[in-house]
Amino acid sequence: MQDRTYSSYKQLEQKSKYTNMFLRWFLYFVLVIFALYFIFPLYVMVVTSLKTMEEIRQGTLLTWPSGLNFDSWLVAWGGRGYGAGDTFLKPYFWNSIKMVVPAVFFSTFIGAMAGYVLTKWRFKGDKWVFLFLLFGCFIPYQAILLPMARTLGVLGISNSVIGLVLVHTVYGIPFTTLFFRNFYVSIPSELVKAARIDGAGFFKIFFKILLPISTPIIVVTIIWQFTQIWNDFLFGSTFSFGEAAPIQVALNNMVLSSTSVKEYNVDMASAIIAGIPTLIVYVLAGKYFIRGLTSGAVKG
Amino acid sequence: MLKWLEKNLPKIVMAPAVGLIGWFVYGFVLWTLYISFTNSKILPKYELWGVGQYVKLWGSRKWLIAVDNLLIFTALFLIFCVVIGIILAIFLDQKIRAEGVLRTIYLYPMALSFIVTGTAWKWILNPTLGIQKMFIDWGFENFTFDWLVNREMAIYTIVIAGVWQSAGFVMALFLAGLRSVEDEIVKAAKIDGANLFTVYWKILLPMMRPVFFTSFVILVHISIKSYDLIVALTQGGPGISTTMPALYMTQTAFHKSQVGLSAASAMMMFMAVAAVIIPYLYSELRRENAR
């Protein structure tokens with residue numbers, strides 16, 4: 001990699017120092033323009049959330065706020081305190097946490113077990129079983145919404161956080177299985193065989209041999225599932241309303257609610273609050289996030 | 001008994017995953033398929049009614065608009081994401097300073113929900129206080145940018161936001177692809193006198209065929225399923241001008257209480273996705289078997 005760019009660099013150098021310089025500048029220019037395009041909405045969100053409505057009307061999207069004014073953030077998080085009709089994100093934020101934590105845990109655990117069996121305890125037709133699960137990554141969820149709504153109703157858990165935990169656990173399994181299966185495939189089976197000869201059983205091999213070396217893939221899986229479930233809107237909006245709604249649904253309701261005056265600063269603060277958990281995870285563990293994205297894509 | 005348990009333990013551990021997916025994915029899809037052949041309204045009915053719902057679906061103006069929008073959106077979304085993704089990947093591959101920072105910036109939208117980004121873009125694109133006002137305040141007094149509330153143009157605002165969200169993803173795929181190419185290949189080409197442009201255009205990009213294929217599948221898949229972004233940006237409006245199949249499906253089921261018709265639309269979406277995914281899975285599996 002380094003050699004390649006180095007040699008291309010040298011070749012350009014031979015041609016002419018000026019063309020070379022021009023090309024480098026052009027390269028950086030294009031990259032920075034795109035960076036600005038990607039940063040622009042985030043910048044606008046943050047700046048708008050710190051302005052008063054008066055400032056918003058007078059300035060433009062790009063105008064710097066007059067000061068650090070977190071009023072709209074407080075309103076978005078905790079409301080104005082006038083009771084009925086006062087919607088704010090705090091309770092829904094907790095709904096999302098209560099939904100995400102168990103759903104991520106269960107789907108990761110089931111996926112880890114399935115990936116373990118599919119690679120280390122192979123049986124006849126295991127390839128087909130994997131394909132059977134893998135297809136679940138791709139189905140358009142519209143094709144399961146109606147029966148799911150009925151089922152949740154029959155089970156008496158529609159419009160509840162528990163119902164959403166079930167939904168997210170189930171539809172996360174194809175992805176978590178995929179992650180763990182692809183990870184365990186690369187781990188030499190000799191390890192497992194040797195342990196079996198020594199008399200180690202199914203669970204002992206998993207917990208003593210595989211689990212200790214699984215940290216990277218567990219991180220990838222947890223981050224992937226967390227991001228997916230936190231950001232979900234389709235299931236949340238279809239299977240819950242009112243008090244049980246997760247944060248994305250609440251955000252959408254808040255933004256759409258047509259009170260007399262549209263408060264864009266509160267809208268933007270709400271959007272940032274709803275986006276901040278996944279954004280923090282992305283900034284802190286971007287490497288694992290990207291790994292999940294590309295392996296989730298390249299293989300399924 | 002204990003022996004049997006021990007022998008079948010792996011299969012028993014595997015059972016919950018298979019059972020859950022079997023029931024909640026395959027069973028439910030079949031259920032939806034069945035319902036699409038009935039005349040269900042608010043509640044599902046189980047007497048078969050034939051293909052009436054499909055006839056009704058393809059005779060519905062709203063559905064035709066939804067399909068039309070899907071085609072427009074998919075085409076533009078694909079082209080822009082792939083072109084921007086490739087340009088960024090190639091440029092980043094030139095030993096750039098601060099590559100890590102730039103990569104992080106290009107990809108962060110993928111970490112946000114479509115509702116969050118939709119809310120942001122809705123504010124940016126709104127004609128009264130958004131971009132339009134910005135340009136007018138800068139002195140372009142006749143500048144208009146009202147796509148969000150313009151029937152003809154609203155679908156393109158969804159393209160703008162969608163591309164912004166997903167282009168970085170394509171960049172990541174291509175960057176990973178480019179970096180997996182052996183240096184020797186490029187060196188050999190250089191020795192033969194190929195310049196940088198030729199190296200990419202004639203050698204590296206053709207080698208990226210699997211990455212193109214993957215991006216194509218993922219992007220088409222995203223666009224067929226796109227729902228959140230439309231809800232957050234336009235709710236299918238103005239009028240019904242930005243309706244897409246996923247939105248049509250939920251509206252028909254939960255607002256219009258036409259469960260049968262809605263199931264038919266869901267099955268059309270399912271078939272569209274299957275037509276893209278099954279060949280993809282097949283080729284991926286073959287590649288793996290060949291290894």
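Some notes on this structure:
- The single condition from (1) crowded, with 16+ Cβ neighbours inside 10 Å; (2) more than 26 Å from B:VAL83 (Cβ to Cβ); (3) away from chain A (no Cβ under 11 Å) that B:THR252 fails is (3).
- Criterion violated by B:LEU219 - all others in (1) among the aliphatic types (A, V, I, L, M); (2) crowded, with 17+ Cβ neighbours inside 10 Å; (3) farther than 23 Å from B:GLU288 by Cβ satisfied: (3)
- Looking only at residues in the stretch B:171-203 that are at the interface with another protein chain (Cβ under 9 Å from one of its Cβ atoms) and either part of a loop (DSSP other than H, G, I, E, B) or polar (S, T, N, Q) (or both), the one that is nearest to the chain's Cα centre (by Cα) is B:VAL181.
- Within the stretch A:44-77, being in a loop (DSSP other than H, G, I, E, B) and within 12 Å of another protein chain (Cβ to nearest Cβ) holds for A:LYS51, A:GLY59, A:THR60, A:LEU61, A:LEU62, A:THR63.
- Residue check, B:ILE155 more than 13 Å from every other protein chain (Cβ to nearest Cβ) and either of a type in the set (Val, Ile, Thr) or not in a helix (DSSP H, G or I) (or both): yes
- A:ALA143 being within 13 Å of chain B (Cβ to nearest Cβ), of a type in the set (Gly, Ala, Ser) and surrounded by 20 or more Cβ atoms within 10 Å (Cβ to Cβ): yes
- Index of the failed condition, A:GLY111 passing every other in (1) assigned to a helix (DSSP H, G or I); (2) within 11 Å of chain B (Cβ to nearest Cβ); (3) free of Cβ contacts under 8 Å to residues at least 12 places away in the same chain: (3)
- Test: residue in the stretch A:78-96 that is of a type in the set (S, T, N, Q), under 27 Å from B:LEU112 (Cβ atoms) and assigned to a helix (DSSP H, G or I): yes
- Wholly enclosed helices (runs of 4 or more DSSP H) of the stretch A:182-270 bearing at least 3 residues among the β-branched types (Val, Ile, Thr): A:215-231, A:247-256
- Here the stretch B:76-122 is the region considered, the condition is being free of Cβ contacts under 8 Å to residues at least 24 places away in the same chain and not in a helix (DSSP H, G or I), and the residue that is nearest to the other protein chains (Cβ to nearest Cβ) is B:LYS95.
- Some residue of the stretch B:126-133 being more than 9 Å from chain A (Cβ to nearest Cβ), within 20 Å of B:ILE87 (Cα to Cα) and not in a helix (DSSP H, G or I): no
- The residue pairs whose first member lies in the stretch B:277-289 and is in contact (Cβ under 8 Å) with a residue 40 or more places away in the chain, whose second member is surrounded by 11 or more Cβ atoms within 10 Å (Cβ to Cβ) and part of a helix (DSSP H, G or I), and whose beta carbons are closer than 6 Å, counting only pairs six or more residues apart or on different chains, are B:TYR280/B:VAL217.
- Residues satisfying the stated conditions in the stretch B:8-41, i.e. facing chain A (nearest Cβ under 7 Å) and of a type in the set (Gly, Ala, Ser): B:ALA17
Bear in mind that the values in this text are calculations on the coordinates, not laboratory data. Owing to the predicted nature of the structure, the values given are computational and were not obtained by experimental measurement. Every residue, glycine as well, gets a Cβ built from its backbone with ideal geometry; the counts of neighbours run over all protein chains shown.
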